[in-house]
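Take a look at the structure set out below.
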Amino acid sequence: MTDQLEITDAPKIVIAVDGYSSSGKSTMARELAKRVGYIYVDSGAMYRAVTLYALRNDMINEDGSVKTEALIPHLRRLEVSFEQLPGEDGVQHTLLNGEDVENEIREMKVSKHVSPIAVIPEVRERMVQLQQQMGLQKGIVMDGRDIGTTVFPHAELKVFVYAGLHERARRRWRELSNKGMDIRFEEVYANLEERDRIDTTREVSPLVKAEDAIEFDNGAVTHEEQMEWLIKLFQETIERIENESRG
Ligand code: CDP
């Protein structure tokens, strides 16, 4: 199941995987990229890195509101990149101005403030610019909220992943608990609910399914079933593109 696919001669495409928090889209996107030898980019990690930067530099008020005017001038100089460490199979580390912040950006203190940071148009503009640069050579799988609508509206394959809130909260709580974080299920649930609300109602690039995205209900399927479905879709997409280019 985890073997690399033989697609060396196939045209390279852009794959957008969007969906709700903890819907399993990152796992699907990461594994697909690995199987087909593409670059994987977790765009949410980039918004999380900006949030960490704002927290560290006292740009978030006690009430959770963001000191937008203080943050904006820093965006140009803010570098967010990814690195794979040798020996860690396919695991990516997020770097903020060269510092490995992978663990810290997954903490609740960041999850609590990330959606208000991600509504700021200037933050989105900068992140989208960086994301589009990463996709210039194609051969990329990117997951997020607005990848199929704003970042890569012409992506050859778009997937929109959803699952019920309770199931998503359960998965995220288990993931964080397994990492040793002492956290209550109710807190995780409330955070996902609040982020869903902000992400779907914001003015710039809200979380919506792109018209041409293919929906996937990830609520009650096994990991194997997810991947089987996605790989088949990938292969069909490549075949379609090859046929179209043959005329
Ligand atoms: O891991 P999880 O699904 O909880 O979220 P994430 O993908 O790490 O994204 C964290 C937050 O960043 C989201 O709740 C959104 O507010 C924001 N985000 C966004 O606005 N646009 C994206 N393309 C990706 C994430």
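Just so you know, all these numbers are worked out from the coordinates, no wet-lab data involved. Predicted model only: the values in this text are computed from it and were never measured. All Cβ positions, even for glycine, are placed from backbone atoms using ideal geometry, and neighbour counts span all protein chains on display.
Assorted remarks:
- Among the residues of region 148-197, those identified as acidic (Asp, Glu) and away from the ligand (no atom under 12 Å from the Cβ) are GLU156, GLU167, ASP182, GLU186, GLU187.
- Tally, over region 27-71, of residues that are among the hydroxyl-bearing types (Ser, Thr, Tyr) and either surrounded by fewer than 20 Cβ atoms within 10 Å (Cβ to Cβ) or farther than 30 Å from LYS232 by Cβ (or both): 6
- Candidates in region 132-147 are the residues that are assigned to a loop (DSSP other than H, G, I, E, B) and in contact with an Asp or Glu (Cβ under 8 Å, 6 or more places away or on another chain); of these, the one that is nearest to ASN243 (Cα to Cα) is ASP146.
- Looking only at region 50-67, residues that are free of Cβ contacts under 8 Å to residues at least 60 places away in the same chain and either basic (Lys, Arg) or closer than 16 Å to LEU78 by Cα (or both) come to 8 in all.
- Hits in region 191-204 (condition: farther than 10 Å from LYS112 by Cα and part of a helix (DSSP H, G or I)): GLU193, ASP196, ARG197, ILE198, ASP199, THR200, THR201
- Restricting the search to helices (runs of 4 or more DSSP H) fully inside region 20-75 and requiring at least 1 residues that are of a type outside the set (A, V, I, L, M, F, W, C), more than 19 Å from LYS112 (Cα to Cα) and away from the ligand (no atom under 12 Å from the Cβ) gives 25-36, 68-71.
- Scoring ASP100 on the criteria (1) surrounded by 20 or more Cβ atoms within 10 Å (Cβ to Cβ); (2) within 29 Å of ARG170 (Cα to Cα); (3) away from the ligand (no atom under 16 Å from the Cβ) leaves a single failure, condition (1).
- Qualifying residue in region 148-161 (condition: in a helix (DSSP H, G or I), aliphatic (A, V, I, L, M) and surrounded by 15 or more Cβ atoms within 10 Å (Cβ to Cβ)): yes
- First in region 219-244 and without any contact (Cβ under 8 Å) to a residue 24 or more places away in the chain, second anywhere and part of a helix (DSSP H, G or I) and among the aliphatic types (A, V, I, L, M), Cβ under 8 Å, 6 or more apart: none
- Matching option when the condition is touching a Leu at 6+ places or on another chain (Cβ under 6 Å), in contact (Cβ under 8 Å) with a residue 12 or more places away in the chain and more than 9 Å from the ligand (Cβ to nearest atom), among ARG126, ARG145: ARG126
- Filtered residues of region 26-50 (kept if closer than 15 Å to LEU96 by Cα and in contact with a strand residue (DSSP E or B) (Cβ under 8 Å, 6 or more places away or on another chain)): VAL41, ASP42, SER43, GLY44, ALA45, MET46, ARG48, ALA49, VAL50
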